[in-house]
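Remarks on the structure that follows.
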Amino acid sequence: AFCVATGREKPIDEDWGRGQRPVINVGWYDALAYCNWRSEQEGYTPVYTISGEEVIANWDANGYRLPTEAEWEYAAREGGKNVRFGNGKDIADPAEINFDGTEDFKTDYSVLGQYRDQTVPVGSLNSPNALGLHDMSGNVLEWCWDFYSREYYKNSPPKDPRGPASGDDR
């Protein structure tokens, strides 16, 4: 609906299908534009002011926005529990999380299993975490608001950190 309404081309789905599959091949700026569009559709105040590559977030706006990395981690870890994966477990099982479970990628915190080499329909692995959230680990990479920084959380605000103000990667 977003692409039709805004005249954008639909992102390539790799011929895996759409329907209940997650959207793939979407850039960070596309995700922000979608958040603003969806906010407007539902009568909310858009969060983002986008001018070329400059983006300003209005944290007081009530519209849709990308989560910060800290918010995403909180949700994936079942409200902040000390678990490794978004299904509430410390072991990655390809029957529950869509990732490469072949021998070449085996770790001490994974079990061997199927590599699907494509996304699966949301919720089809039936491994929600304790908050009822599906596919918080595996299936696709998720966009967050923050710039990436390996060092940021060592000295970040203890409550609601919003990530570094600049960086090279999201």
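Surface composition of the chain: carbon and sulfur make up 49 percent of the accessible area, probe 1.4 Å. Inverting the mean 1/r over all pairs of different Cα atoms, compute the Kirkwood radius of the stretch 1-66 and quote it in Å. When all Cα pairs of the stretch 1-66 are included, the Kirkwood radius is 12.9 Å.
Taken over the chain, lysine pairs spaced eight or more positions apart, or on distinct chains, with alpha carbons under 28 Å apart number 7. Normalised by the number of residues in the stretch 30-104, the mean separation of alpha-carbon contacts (under 8 Å, six or more apart) gives a relative contact order of 19 percent.
Evaluated over the Cα positions of the stretch 38-113, the convex hull gives a direction-averaged projected area, one quarter of its surface, of 7.9 nm².
Order these peptides, 36-45, 156-165, by their mean beta-carbon neighbour count within 10 angstrom, highest first.
36-45, 156-165
Rolling a 1.4 Å probe across the protein heavy atoms gives the stretch 54-170 an accessible surface of 63 Å² per residue. Diagonalising the gyration tensor over the Cα atoms of the chain and scaling each eigenvalue by 5 before taking the square root yields semi-axes of 28, 22, 15 Å, largest first.
Shown here for the stretch 47-141: chymotrypsin sites (Phe, Trp or Tyr not before Pro) in loop regions (DSSP other than H, G, I, E, B) with at most 12 other Cβ atoms within 10 Å, namely W59, Y109.
The values are calculated or read from the model by the stated rules, or taken from the named source; none is laboratory data. Note that the structure is predicted; figures quoted are calculated from it, not measured. Note that we place each Cβ from the backbone using ideal geometry, even for glycine, and neighbour counts take in every protein chain shown. Just so you know, the surface numbers come from the protein's heavy atoms only, side chains and all, with ligands and any DNA or RNA stripped out. Shrake-Rupley method; radii C 1.70, N 1.55, O 1.52, S 1.80 Å.
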